[in-house]
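The values are calculated or read from the model by the stated rules, or taken from the named source; none is laboratory data. Fair warning: this is a prediction, and the values are worked out from it, not measured in the lab. Backbone-built Cβ (ideal geometry, glycine too); neighbour counts: all protein chains shown.
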Amino acid sequence: MLLLAALQPSSYGAELALETVRHSVETNVVVIFSHSQCHRSERTKAYFEDLGVPYFSLELDTRADGAELKKALSELTGSRFVPSVFVNGQHVGGSAETERAYRTGELEHWVSSERVRAQG
């Protein structure tokens, strides 16, 4: 009985993390899952700031559920790296994809379009 009780929070934590990721992506135009001391994450946020585009950021390294959120992101996107960027509900990649889109002007299009083609 004690062993079963010990397993339940982990399973519940994984489900809650997945729901947190999905809710964040569904309720925000731009979501950046990042680390607070990551230069790639900071650079990615700067591209949106330069365009005047607000974003919602979850700093995984400062949250108690950060490891679970990162695992949920990995399951959803196939990537275990941050930053992980979503625009209009679609995963568009990480820092390299966002930088490429910023430099080509495509980033502005992503934000203004209803559907975003996954980059990758």
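Values as computed for the structure displayed
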read-out	value
Of all residues making up segment 73-82, the number that are more than 10 Å from the chain's Cα centre (by Cα) and surrounded by 20 or more Cβ atoms within 10 Å (Cβ to Cβ)	0
Single residue of segment 83-93 satisfying the filter (of a type in the set (A, V, I, L, M, F, W, C) and either over 15 Å from Arg40 (Cβ atoms) or in contact with a Cys (Cβ under 6 Å, 6 or more places away or on another chain) (or both)) that is surrounded by the fewest Cβ atoms within 10 Å (Cβ to Cβ)	Phe86
Failed criterion for Glu49 (all others in (1) surrounded by fewer than 20 Cβ atoms within 10 Å (Cβ to Cβ); (2) under 12 Å from the mean Cα position of the chain (by Cα); (3) at pLDDT 95 or above; (4) not aromatic (Phe, Trp, Tyr) hold)	(2)
Residue selected from segment 97-113 under the condition polar (S, T, N, Q) and in contact (Cβ under 8 Å) with a residue 12 or more places away in the chain, by the criterion farthest from Val82 (Cα to Cα)	Ser113
Among (1) at pLDDT below 95; (2) touching a strand residue (DSSP E or B) at 6+ places or on another chain (Cβ under 8 Å); (3) closer than 23 Å to Ala14 by Cβ; (4) not aromatic (Phe, Trp, Tyr), the one test that Gln119 misses	(3)
Any chance Ala96 is surrounded by 14 or more Cβ atoms within 10 Å (Cβ to Cβ), at pLDDT 95 or above and farther than 14 Å from Val31 by Cβ	no
Residue that is nearest to Val31 (Cα to Cα), among those in segment 52-93 that are touching a strand residue (DSSP E or B) at 6+ places or on another chain (Cβ under 7 Å) and among the polar types (S, T, N, Q)	Ser57
Of the criteria (1) in contact with a Cys (Cβ under 9 Å, 6 or more places away or on another chain); (2) buried (at least 19 other Cβ atoms within 10 Å of the Cβ), which one Asp61 fails	(2)
Segment 1-23, subset of a type outside the set (Val, Ile, Thr) and surrounded by 17 or more Cβ atoms within 10 Å (Cβ to Cβ), residue modelled with the lowest pLDDT	Gly13
